[in-house]
1. Search region 59-72 for residues being over 22 Å from GLN100 (Cβ atoms) and either in contact with a Ser or Thr (Cβ under 6 Å, 6 or more places away or on another chain) or open to solvent by less than 60 Å² (accessible area, probe 1.4 Å) (or both), and hand back the single one that is modelled with the highest pLDDT.
2. Among the numbered criteria (1) in a loop (DSSP other than H, G, I, E, B); (2) out of contact with any Lys or Arg (no Cβ under 9 Å at 6 or more places or on another chain); (3) open to solvent by 100 Å² or more (accessible area, probe 1.4 Å), which one does PRO107 miss?
3. For region 131-149, state whether one or more residues are among the small types (Gly, Ala, Ser), open to solvent by 70 Å² or more (accessible area, probe 1.4 Å) and not in a strand (DSSP E or B).
4. Filter region 40-58 down to the residues that are at pLDDT below 90 and open to solvent by 100 Å² or more (accessible area, probe 1.4 Å) and list them by number.
5. Between SER121, SER87, which is under 28 Å from ASP154 (Cα atoms), at pLDDT below 90 and open to solvent by less than 90 Å² (accessible area, probe 1.4 Å)?
Amino acid sequence: MTALWHQQQKDIEAGNIKLKAFLQGLVSTVTKEVEEVRARGLDIEVKGHHCPTCKKHLLRKTKGKSGYFWGCRGYPDCKATFPNKGSKPDFNSKPKSTGQATDHACPECEKGKLVKRTGKSKKTKKSFNWYGCDQFPTCKARFFEKDGKPEIPDQEDA
Ligand SMILES: [Zn+2]
Ligand SMILES: [Zn+2]
């Protein structure tokens with residue numbers, strides 16, 4: 001574009017283009033660019049998609065068993081994943097209840113950590129918290145919440 005303007009300035013000097021026409025061209029060029037940025041949004045500058053969960057890392061497109069999905073590059077600190085929709089992460093889809101990581105170790109597999117999730121009772125229509133193992137589906141441990149903690153039944157020491 002600079003080269004083009006340079007040529008036009010030369011043209012002005014040569015008296016080929018009237019100054020007014022040049023300025024009008026300049027204005028319409030800038031206006032067009034601004035409109036383009038507006039229309040296309042920030043995609044031009046942001047290469048990649050920021051993770052809306054941790055707001056720190058970019059998302060990475062990964063091929064999973066059931067097709068592509070987007071996972072946070074901050075894994076394992078951030079376990080956010082999003083389904084793929086038209087080669088973009090679908091932020092509008094309900095997250096697969098990403099849950100909130102806790103420091104409670106899973107008493108069943110002793111490998112995983114419990115993740116706090118929110119569910120809704122079909123009976124009472126009230127939402128409640130429960131805890132699931134982050135090794136799911138390998139480990140299917142689930143616990144209800146009691147006093148803000150996972151209600152883990154007492155285990156006999158082996
Ligand atoms: Zn993240
Ligand atoms: Zn477990």
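1. Restricting to residues being over 22 Å from GLN100 (Cβ atoms) and either in contact with a Ser or Thr (Cβ under 6 Å, 6 or more places away or on another chain) or open to solvent by less than 60 Å² (accessible area, probe 1.4 Å) (or both), the top hit is THR62.
2. PRO107 satisfies every listed condition except (3).
3. We begin by selecting, within region 131-149, every residue among the small types (Gly, Ala, Ser); these are 132, 141, 148.
Now drop any that are not open to solvent by 70 Å² or more (accessible area, probe 1.4 Å), which leaves none.
No, every residue in region 131-149 fails to be among the small types (Gly, Ala, Ser), open to solvent by 70 Å² or more (accessible area, probe 1.4 Å) and not in a strand (DSSP E or B).
4. To start, the set of residues in region 40-58 that are at pLDDT below 90 comprises 40-48.
ARG40, LEU42, GLU45, LYS47 - these are the residues of region 40-58 that are at pLDDT below 90 and open to solvent by 100 Å² or more (accessible area, probe 1.4 Å).
5. Values: SER87 fails: under 28 Å from ASP154 (Cα atoms).
After applying the criteria, what remains is SER121.
Residue-by-condition table, conditions (1) under 26 Å from the mean Cα position of the chain (by Cα); (2) farther than 30 Å from GLU145 by Cβ; (3) at pLDDT 75 or above:
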position: LYS10; (1), (2), (3): no, yes, yes
position: SER28; (1), (2), (3): no, yes, yes
position: SER97; (1), (2), (3): yes, no, no
position: ASP103; (1), (2), (3): yes, no, yes
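The values are calculated or read from the model by the stated rules, or taken from the named source; none is laboratory data. Everything numeric in this text was worked out from a predicted model, so none of it was measured. Virtual Cβ from ideal backbone geometry, glycine too; neighbours counted across all protein chains shown. Each accessible area value is taken on the protein alone, full model and side chains, heavy atoms only, with ligands, DNA and RNA left out. Shrake-Rupley method; radii C 1.70, N 1.55, O 1.52, S 1.80 Å.
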